[in-house]
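What follows is a short report on a single structure.
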Amino acid sequence: MAETKTHKVTLIPGDGIGPEVTQAVVRILEATGVKWEWERYAAGAEAFEVFGEYIPSALYESIERNKVALKGPVTTPVGSGFKSINVTLRKKFDLFANFRPIRNLPGLETKYPNVDLIIIRENTEGAYAGLEHEVIPGVVESIKVITEKGSTRIAKFAFEYARKHGRKKIHSIHKANIMKLSDGLFLRCARKVAEDFPDITYGEHIIDNTCMQLVMNPYQYDTMLLENLYGDIVSDLCAGLIGGLGLVPGANLGHDCAIFEAVHGSAPDIAGKDIANPTALLQSAILMLRHLDEEAAADRVQKALETVYAEGKTLTRDVGGHAGTSQFADAILAAMG
Ligand code: ATP
C-alpha cells in the first residue's frame, strides 16, 4: 500500500484573533486523515519580543523549505511602527497573486444570495510598494509602482484562472482617468493579455463606480482584476455582500510558494473571547488542501462546513449565531463524522 504523504506546513498563528481561529482550523485539518507536520512560528510584535526580529529568519527559512504556509492575521500598527508582516511576506516570496473567492454559504441569510465573484489582486507592488518619505516637514510622498512585468503576470494569472475554471468575464478595475500613466499601464497590459483569450469577455470599470455597482448589482461581475490597494478595499466590500469578514478566504500565490490566509485582519476588538469566526481561515485551509492535491479532504471539510451553515444551529455571532469559536469547530468535526 502506498504511504500517505506527510505535508510539512509553516504555521503562523498570528495575533489578535489569530491564535483562536488557527487552533480551530488546525483541529479540523488534523481530523481529515491527512498527515501534517506543522512548523509553528510567531511573527510581528510577539516575535520581536522573543527574537528581536519581526519576522524571525527561521520563519523565512521554514517557508522557503516547505513552500506552503497557513497564516493567521498579524496586527499592523497604524500610522507608525513596523512594516506590515503580511505585505513583507508576500513581497519576500514574490506571491504576486492574491486570490479571493466570494461565495455565499448555504442557509446564511445575507444582503445578497448566490454571489459568485473571484477577486484577483496584484500583491507585490502598486500603492503597497512601501516607498514613502517626508520631503520637507508637512509634505509626504508615497510612491505607487506599477510595472509592465507585474501587471502582465497578474493579468495572465487572472485569464488563465478564468479559462481553467470556466469563468466567462474579467473586469479590470482602475482609476486610469486620474492616474493615467500607472493605471494606464496596468490596463494596457491587461488588454494585451486579453487578446490571447477571445473566449473570455473583457471589460474595464473605474474603481469608484465599481463600488457603487457592486452594492447595486454584484451579479454583473464575474472575475475582477485589481491593483493592490483597490483589491484590498474591494475585498472587504465584497465580504460585506455575503455576510462579513469572518467568511472570506484568501491565497497568496507565487510560482514557488503559497501562503494561505483569511482576508480579515487581527480584529483586536473581539480577540481572546472565543467569539471569532474561523470560517475565513478554514476556507483558506480548504484552498490549501486543494493546492496540496488533497481533494478528498478538501471536499470533506467543505461539505461539513456547508452542513453546519445549512443547519444554522452552531454559528458564531458575526453571522447571527451564539456559538463560540471552539464550539463552531466542534460542530464541523461532528459533521465530518
Ligand atoms: P486589516 O487592515 O489588518 O486587514 P481590517 O481593517 O480588515 O484589518 P479586521 O481586523 O479584519 O479589520 O476587523 C474588521 C471588523 O470585522 C472588526 O469589527 C472585527 O471584529 C470583524 N471581524 C474580522 N474578522 C472577523 C472574524 N473572523 N470573526 C468575526 N468578526 C470578524
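A few points about this structure:
- Exposure proxy for SER57, SER182: other Cβ atoms within 10 Å of each Cβ, ordered fewest to most, give SER57, SER182.
- Long-range HN-HN contacts of GLY72 with modeled amide H, under 5 Å: ILE12, GLY14
- Total formal charge among the other residues, if their Cβ is under 15 angstrom from that of ASP15, Lys/Arg +1 and Asp/Glu -1: -2
- Rh (Kirkwood; distinct C-alpha pairs) - the range 109-242, Å: 15.5 Å
- Candidate aspartates and glutamates - alpha carbon under 15 Å from LYS149, same-chain residues fewer than 8 apart omitted: ASP94, GLU122, GLU125, ASP183, GLU227
- Relative contact order (%) - the range 1-154, alpha-carbon pairs under 8 angstrom, separation at least six: 19 percent
- Close amide H partners of ILE119, meaning residues 5 or more places away or on another chain with modelled amide H under 5 Å apart, are ARG100, ILE102, MET224.
- P(r) tail, the range 1-151: Cα-Cα pairs separated by more than 25 Å, 47% of all pairs.
- Counting only DSSP beta bridges whose two residues both lie in the range 122-250, roughly 40 percent are antiparallel.
- Residue exposure proxy: VAL135, VAL115, ordered by other Cβ atoms within 10 angstrom of their Cβ from fewest to most, comes out as VAL135, VAL115.
- Each of VAL234, VAL50 has some number of other Cβ atoms within 10 Å of its Cβ, and from fewest to most they run VAL50, VAL234.
- DSSP-defined beta bridges in the chain - what % are antiparallel, rounded to 5: 40 percent
- Over 28 Å between alpha carbons, listed pairs LYS111/LYS144; LYS111/LYS168; LYS83/LYS192: LYS111/LYS144; LYS83/LYS192
- Rg/Rh (Cα only; Kirkwood hydrodynamic radius) as it applies to the chain: 0.96
- Residue-count net charge about ASN209 - beta-carbon cut-off 15 Å; Lys, Arg +1, Asp, Glu -1: -2
- Considering only GLY18, GLY240, GLY52, the Gaussian network model of the chain with Cα springs below 10 Å gives its largest mean-square fluctuation to GLY52.
- Averaging the sequence gap over all C-alpha pairs within less than 8 Å and six or more residues apart, then dividing by the number of residues, gives the chain a relative contact order of 22 percent.
- Set of lysines near LYS8 by C-alpha distance (under 24 Å), chain-local residues within fewer than 8 positions excluded: LYS35, LYS67, LYS71, LYS91, LYS92
- Note on GLN327 and VAL78: their simple-model spin labels are 3.0 nm apart, each label 7 Å out from Cα toward Cβ.
Rule-based calculations on the coordinates, nothing more; no lab input. No experiment lies behind these values; they were computed from the predicted model shown. Note: ideal-geometry Cβ built from the backbone for every residue, glycine included; neighbour counts use all protein chains shown.
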